[in-house]
1. Which one, 609, 509, 370, is farthest towards the positive end of the dipole of the chain when Lys and Arg carry +1 and Asp and Glu -1 on their Cβ?
2. If you rank 144, 386, 342, 188 by how much accessible surface each has, with a 1.4 Å probe, what is the order from largest down?
3. Could you state the orientation-averaged shadow area of the convex hull built on the Cα atoms of the chain, in nm² to one decimal?
4. Of the listed pairs 351/396; 396/585; 329/409, which have alpha-carbon separations greater than 25 Å here?
5. Hey, what do the phi angles of the range 63-70 turn into as Karplus ³J(HN,Hα) couplings, whole Hz, using 6.51/-1.76/1.60 and θ = phi - 60°, x for Gly and Pro?
6. For the range 77-122, divide the Cα radius of gyration by the Kirkwood radius and give the resulting Rg/Rh value with two decimals.
7. Please check which bits of the range 141-172 a label hung off residue 74 would reach, taking the label as a point 7 Å along Cα-to-C-beta and the cut-off as backbone N under 18 Å.
8. If you roll a 1.4 Å probe over the heavy atoms of the protein chains, what accessible area per residue do you get for the chain, in Å²?
Amino acid sequence: MSGFSSLGSVSSDKFAVNRVVIEDVTPRVDGGRFPAKRVRGDVVTVQADVFGDGHDAVAAMLRYRHRSARTWQKVPMEFVVNDRWRARFEVAELGRYQFTIEGWTDHFATWRNGIIKKHAAGVVTEADLEIGASLIEDGSRRASGQMAEMLAETAVVLRQSKASSADRVERAVAEDAWVAMRSFPDRSGATVHDIVYEIEVDRELAGFSAWYELFPRSWGESGEHGTLVDVADHLDYVADMGFDILYLPPIHPIGRTLRKGPNNTLSPGEDDPGVPWAIGGPEGGHTAIHPDLGTLEDFRKLLGRAGDRGIEIALDIAFQCSPDHPWVKEHPQWFRHRPDGSIQYAENPPKKYEDIYPLDFETSDREGLWQALRDVFAFWAGEGVSVFRVDNPHTKAFPFWEWVIADLKRDRPELIFLAEAFTRPKVMYRLAKAGFTQSYTYFAWRNTAWELREYMLELTQGEPAEYFRPNFWPNTPDILTEYLQSGGRGAFINRLVLAATLSSNYGIYGPAFELMEATPREMGSEEYLNSEKYQIRHWELDRPDSLQPIIAAVNRIRRQHPALQQTSDIHFHPTDNDMLLCYSKRSGDDLVLVIVNLDPHNTQAGWTNLDLTELGIDHSQPYQVHDLLVERRYLWQGAFNFVRLDPHVMPAHVFALRRRVRTEHDFDYFL
């Protein structure tokens, strides 16, 4: 015979009667190890499986608070289906929110459900009514004010045996009694979920932004070395295109030792400026400004003038050093050494970066290194920079990023960090979990309709959507894809439209993009010929074929349509031509339909097969599609509509959908 012979000295807590189980809470990331992400003003929908043994009813409550608050806010959860419960709360402040779930056996709801059935069957007994009276009387002691008085009176009514059972039951199950008992439940046997989940709340720019990257040294007059003042003088160019973040590659002194020349040669001329990512020289390191760019005061003026135009300056943070960086002499232990004692330069075989020393995150002086790197962020944040693009974060330790971002955002929750990590997906996802606000993606290499659909589903469905904010870039100083090299004007426009409408965060490297720079350094390379990384360029900004007006139109459309200011609510619609990608986005009543010709060389035509239910359109009624790119309107009806897109004219439609509305005077208009 097996089993317990006695209870012995087992703690009574082991036998506590917590009859309710709480499982599968969302949103969650890695079981609650990392916070989910939202932006200020979002409404967070929390769901959980909450159930108990037997047939008793259960109830559930969402508990939430800002991490700085002492008390929890409580929201009753509503039953959805199949033991799934739901509640919502708004995140109104920046920083971390916490939430968890509480569930309990709801004896009053169990009784109420039963008494309704017994009353319908005519089998209510005095004992049944006394049980209800006792439950309601207990509820009156937990309640306060008018609710307490009402519940006490209800208990008295239930015990009036001379009254009809029908009247007594009607009073007990009345809405006011139900609301009061739900407001003051008996939670003495409640189960509180053993995990407290967190939400990282960022400012609105984290969820919706348009980035423009430029090299300041190429913005001088007649090919002279540009300055921060020159950039400030050209801010209207950036603002007129509608960008709200201007991203500058490193603005620090550049080392001279092993400096690279044009097209990455090892034999630079005396006047060759070097690579901005080879940071550090006699003038200073990561908190210094290259003397040819100007002074710290010039930088402050640039920040102010940009702010006047609604533009934020994003700085590149590249944690690496040239051989001339002060840290090389002051802290040689922060670098990895070869057997001969020399410092190991950076490599990405077969590429070699002789002018750059990577930092060693396995150094014996980890505390000193981590604090020094944190101080770099803190210095520029102190100067008013709140957006950082971080170079190659995947080559630095994950624990460092988790620590430094949390530490900085504790006092500056408005900070935004963009991870430039074109690496394995799980590594990219881990960096986002560790705290990066936005992330570069594989968008640049997703060209076919199938690839784009699958990639968007990966990013917007399931757990990655809770923490990974994609930022789509068609090009960067390091990435000139084969598609752009060979596709001409049509390729640049369709990649612009795709980036700006698939993702709520996107960016371009200009003026290379709007001037359609497309010549690679050599066949099979994604490096630009005569890249700005190695030399100063002079750009003809007023070229008549510039894409500047189209970029401005796309950014204006994004600002005017909330549907394009989010990434997750996207729906793909079939077409009978795989060269036509069709998708819709909606936010409230705002509905946008995008159709893109993915063939940059040839006109493509075909029929849509729109999901009218998803679009909220009556199958029997016409609806208007307003092409926001070329200001044309068409009247469509039904799911099947013909489209034809010539990449040499305009390779995309960006439609605002307007449904037909009839007034009381039988006047039709489109809303």
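1. In the chain, that residue is 609.
2. Order by accessible area, largest first: 188, 144, 342, 386.
3. Averaged projected area of the chain's Cα convex hull equals 43.9 nm².
4. Violating the 25 Å Cα-Cα cut-off are 396/585; 329/409.
5. Using θ = phi - 60°, the values come out as 10, 9, 6, 6, 4, 7, 8, 8 Hz.
6. 1.21
7. 141-149, 151
8. Using a 1.4 Å probe on heavy atoms only, each residue of the chain averages 45 Å².
The values are calculated or read from the model by the stated rules, or taken from the named source; none is laboratory data. In this text the structure is predicted, and so the values were computed from the model without any measurement. Here the Cβ is made from the backbone with ideal geometry for all residues, glycine too, and neighbour counts use every protein chain on show. These area figures cover heavy atoms from the full protein model, side chains too; ligands, DNA and RNA do not enter into them. Shrake-Rupley method; radii C 1.70, N 1.55, O 1.52, S 1.80 Å.
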